[in-house]
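A.B. asks: My structure is below; once you've seen it, I'll send some questions.
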Amino acid sequence: MLVVITGIPGAGKTTIATKALKELKQESGVEYEIITYGSVMFEIAKERGLVKHRDEMRKLKPEIQREIQLEAAMRIYEMSREKNILLDTHCTISTPKGYLPGLPEYILKELKPHSLIIIESKPEEIIERRVSDKSRERDSESMESIELHQEINRYFAAAYSAISGCTIKIIQNHQGRIAEAVEELKKVLS
């Protein structure tokens, strides 16, 4: 089974997923492997000798990136036929020219996801998490732009559902209430 998990940076997606999968395995023996879409793409580009470092991916020609993105989708789908996969990716990517789909139609048709989960938080919580995370270099965003990005993700998720037939679950991850978000995710993955 393939479940896609998304959320803008700072929403708490990785934290919730890690805790939920650990608890799910301990409580019911259900196992998932977390796979990051970008990591699979990087592996493919590296195998082809196109890049040595992940940051070089952005410099590849768009048609090469799309080709690698498609091959990654095919690999991920094949993995999901043998085991449960929780695919960590972006619902949308905010660019200076607008929002790009993280899961274009040609990718969704290859992935065949069962469910799409969006992790959301209040904009002020996201800003606080981003500021306190010294391991990452993230662009500064206003509360309004964070709110808009989360709203756009909902619109795109609805389109993804219409294309693929997958369900959508939106999980709120509010400060001090991570256990509730973890429980909701476990219900979807059970």
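The values are calculated or read from the model by the stated rules, or taken from the named source; none is laboratory data. It should be emphasised that the depicted structure is a prediction, and the values quoted were computed from it without experimental measurement. Positions of Cβ are generated from backbone atoms using ideal geometry, with glycine treated the same way; all protein chains shown enter the neighbour counts.
A.B. asks: Please determine, by comparing only the residues of the range 1-15 that are assigned to a loop (DSSP other than H, G, I, E, B) and surrounded by fewer than 20 Cβ atoms within 10 Å (Cβ to Cβ), which one is nearest to the chain's Cα centre (by Cα). Give the derivation first.
C.D. replies: From the range 1-15, those assigned to a loop (DSSP other than H, G, I, E, B) are 1, 7-12; that's our starting set.
Adding the requirement that they be surrounded by fewer than 20 Cβ atoms within 10 Å (Cβ to Cβ) leaves 1, 9.
Numbers: Met1: 16, Pro9: 10 Å.
Ranking the qualifying residues of the range 1-15, first place goes to Pro9.
A.B. asks: Another question, if that's okay. Where in the range 92-190 are there strands (runs of 3 or more DSSP E), lying fully within it, with 2 or more residues that are surrounded by 13 or more Cβ atoms within 10 Å (Cβ to Cβ) and hydroxyl-bearing (Ser, Thr, Tyr)?
C.D. replies: Working: elements: 92-95, 98-101, 115-120, 167-172.
The qualifying strands (runs of 3 or more DSSP E) are 92-95.
Okay, residues lined up against (1) among the acidic types (Asp, Glu); (2) outside any helix (DSSP H, G or I); (3) in contact (Cβ under 8 Å) with a residue 12 or more places away in the chain; (4) closer than 15 Å to Ile85 by Cβ:
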residue: Ala17; (1), (2), (3), (4): no, no, yes, yes
residue: Leu21; (1), (2), (3), (4): no, no, yes, yes
residue: Glu31; (1), (2), (3), (4): yes, yes, yes, yes
residue: Ile34; (1), (2), (3), (4): no, yes, yes, yes
residue: Phe42; (1), (2), (3), (4): no, no, yes, no
residue: Val51; (1), (2), (3), (4): no, yes, no, no
residue: Arg58; (1), (2), (3), (4): no, no, no, no
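A.B. asks: A further question follows. Is it true that Gly98 is closer than 20 Å to Ala73 by Cα and at pLDDT below 95?
C.D. replies: Numbers: closer than 20 Å to Ala73 by Cα: no; at pLDDT below 95: yes.
Considered against the rule, which asks whether it is closer than 20 Å to Ala73 by Cα and at pLDDT below 95, Gly98 comes out as no.
Listed here are the residues, each with its yes/no results for (1) more than 12 Å from Gly10 (Cβ to Cβ); (2) in contact with a helix residue (DSSP H, G or I) (Cβ under 8 Å, 6 or more places away or on another chain).
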position	(1), (2)
Glu125	no, no
Glu151	yes, no
Lys169	yes, yes
Ala181	yes, yes
